[in-house]
Amino acid sequence: MAKLLSCVLGPRLYRVHRPRAPARAGGGPGGASAPPISPQDSYYQPRGLEKHTDSVLALASVLWSISYYASPLAVFYLYRKGLLTMSRVVPLSHCAATLGLLLAGVACLRGLGRWSNPQYLEFIAALEESHRTGTPEAKRKLGLYTFDFRSWPVDFRWDSAGPAWGGSRAVPLLKVPPRPRGGSRGLLGALRKLPCAIARLLLAHTLGRRMLFPGSVRLLQRALLPNLLQGQARLVEQAGGQRSKLLACDGNEIDAMFIDRRAGPDPRGGTLVICCEGNAGFYEVGCLSTPLEAGYSVLGWNHPGFGGSTGVPLPQSEANAMDVVVRFALQQLRFPPHKIIVYAWSIGGFTATWAAMSYPDLGGLVLDASFDDLVPLALKVLPRSWRDLVTQTVREHLNLNNAEQLCRYQGPVLLVRRTKDEIITTTVPDDIASNRGNDLLLKLLQHRYPKLVVDEGLRVVREWLEAATPEEESAVLSRCPPSDRWCREQLEAFAGDRNPPFPWTLGEDLSPAQRQQLALYLAQKHLQNFEASHCTPLPPQAFRLPWAL
């Protein structure tokens, strides 16, 4: 009877993975290889009763999601028609209760179907053993299944080695500067501002959050589910990926995937690349594949509300998730900080720069197609009449201040700029001069080298960034060609054995032409152009670690 109850209440099973094939020489990065996987090789095959009841419950879930997103319009329509009266609402509640009982009955029938399937019973036994014992062998067996991640046992807690933030339920973020006070103060002034504050809160948590992180919309995730399952199978079966559930300090459960290359012959496997995905990206099909195919050990994770991760993607929950991911890499995976590189694509730059700011000993930061600040991009897509409302909403609730966080990091940084980027430009698509990656680089250089990237140095770097063709870029470089040897000698002479923290005073005793050469040299070292649009995957041969003096 207990086993039947486990089948009724158990998670949905999607795939039963094959054990990973043994490594063979010449089998790709890290020496791993496996035969091609057919789409039907590892899908779990439910039997008749389970299959049909699963379809009914899946349809009910989709209809519930649609009704959830359409509920504001439905309520408005019912109100206009005068249908929101007690005499009409009570029968509707009775219908909802009846429907709930019917769905519960369908779930019980599904449990009976699972109970008659030996494959599902083996899975339930592995799941219960993993919850009960938590041994590495039990987790290895559980790793051969892909199922509803809510039932996966927690593998690592944020406070496993003691809380670093004083036991707080939220990691620290940079505070937004307070707005200037208006003329009205006290209770009356607060009451006058309350409607606007409520409007900003509603805008951020409804339209704003879903525009910023469309990957958190459940309907979109259902549409992408076959691709996500196929990507999960590829990582587990071909790359030997280990899935883990990480518990963040706010209680959110973060879905993570680790591929270990340390035992392979490639020395790049000793470096861990933590991957931060974009606003509609998942580690199953996202930027994780770039460093993976380049031969590095990789750790991918899904934003809160994406895939198997719980919660909603807001700046605070994003930082909380990144905190537990970095702790997992340091404490459980045992990578030294200088061997950890954080790689981010697009909006993932926020969590990447937060990690670099909060864990300054990390080995480097690679930001691909990222931006300096969210406000200019938000103003680009929303009506001009909303300018003040949008600015205040972003600053209070959705403040992705990448440049501010980046400037608090002392380590190596590489920015990858897409020359045909249509997303993070603020004028016409593909306008390289308005690419917000330019602003991110300038703010970094101006912070680190304030005596160099100023006046003549700032002007020539701007001209180089705004060059739309290779010919224009060559023309800028020909006017003041930087000598690699001389520039490196200047940097090494200033740094010496002191390793001084940024900002540096280098450039005070240099001529304007020398400052231009050195500023261009540093800009070229910190920026890598990639001729592609925003969503084109970065090929593994284009992935490189950031430059360090």
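Structure notes:
- Qualifying residue in the stretch 389-408 (condition: touching a residue at least 60 places away in the same chain (Cβ under 8 Å) and closer than 18 Å to Ala467 by Cβ): no
- Wholly within the stretch 215-285, strands (runs of 3 or more DSSP E) carrying at least 3 residues that are under 14 Å from the mean Cα position of the chain (by Cα): 253-259, 272-276
- Residue match in the stretch 395-410 (condition: among the hydrophobic types (A, V, I, L, M, F, W, C), surrounded by 22 or more Cβ atoms within 10 Å (Cβ to Cβ) and either touching a Pro at 6+ places or on another chain (Cβ under 8 Å) or within 30 Å of Pro195 (Cβ to Cβ) (or both)): yes
- Within the stretch 468-489, being of a type in the set (A, V, I, L, M), farther than 18 Å from Leu458 by Cβ and assigned to a helix (DSSP H, G or I) holds for one residue alone: Ala475.
- Among the candidates Arg459, Arg479, the residue that is within 18 Å of Asp439 (Cα to Cα) and either touching a strand residue (DSSP E or B) at 6+ places or on another chain (Cβ under 8 Å) or surrounded by fewer than 19 Cβ atoms within 10 Å (Cβ to Cβ) (or both) is uniquely Arg459.
- Among the conditions (1) among the hydrophobic types (A, V, I, L, M, F, W, C); (2) within 22 Å of the chain's Cα centre (by Cα); (3) under 27 Å from Ile341 (Cα atoms), the only one that Val394 does not satisfy is (3).
- Taking residues in the stretch 440-460 that are over 17 Å from Gln410 (Cβ atoms) and assigned to a loop (DSSP other than H, G, I, E, B), and partners anywhere that are modelled with pLDDT under 95 and among the β-branched types (Val, Ile, Thr), the pairs with Cβ atoms closer than 9 Å and at least 6 places apart or on different chains are Lys451/Thr505.
- Residue identified as touching a helix residue (DSSP H, G or I) at 6+ places or on another chain (Cβ under 7 Å) and either modelled with pLDDT of 85 or more or of a type in the set (A, V, I, L, M) (or both) among Pro39, Pro46: Pro46
- Enumeration of residues in the stretch 349-360 that are in contact (Cβ under 8 Å) with a residue 40 or more places away in the chain and either out of contact with any strand residue (DSSP E or B) (no Cβ under 6 Å at 6 or more places or on another chain) or farther than 10 Å from Ile274 by Cβ (or both): Gly349, Phe350, Thr353, Trp354, Ala356, Met357, Ser358, Pro360
- Within the stretch 232-285, being of a type in the set (Lys, Arg) and out of contact with any Lys or Arg (no Cβ under 9 Å at 6 or more places or on another chain) holds for Arg234, Arg243, Lys245, Arg262.
- From Pro481, Pro500, residue being at pLDDT below 95 and closer than 16 Å to Ala523 by Cα: Pro481
- Members of the stretch 420-447 that are among the basic types (Lys, Arg) and within 18 Å of Val460 (Cβ to Cβ): Lys443
- Of the candidates Ala369, Ala321, the single residue that is buried (at least 24 other Cβ atoms within 10 Å of the Cβ), more than 19 Å from Arg418 (Cβ to Cβ) and of a type outside the set (S, T, N, Q) is Ala321.
- Odd one out for Asp431, checked against (1) touching a residue at least 12 places away in the same chain (Cβ under 8 Å); (2) over 23 Å from Arg515 (Cβ atoms); (3) of a type in the set (Asp, Glu): (1)
- Within the stretch 370-391, considering residues that are part of a helix (DSSP H, G or I) and under 22 Å from the mean Cα position of the chain (by Cα), the one nearest to Leu203 (Cα to Cα): Ala378
- With a requirement of 3 or more residues that are surrounded by 11 or more Cβ atoms within 10 Å (Cβ to Cβ), in contact (Cβ under 8 Å) with a residue 40 or more places away in the chain and among the hydrophobic types (A, V, I, L, M, F, W, C), the helices (runs of 4 or more DSSP H) lying completely within the stretch 120-213 that satisfy it span 186-203.
The values are calculated or read from the model by the stated rules, or taken from the named source; none is laboratory data. Remember, it's a predicted structure, so these values are computed and weren't measured experimentally. Because the Cβ atoms are built from the backbone with ideal geometry, glycine has one as well, and the counts that use them run over all protein chains shown.
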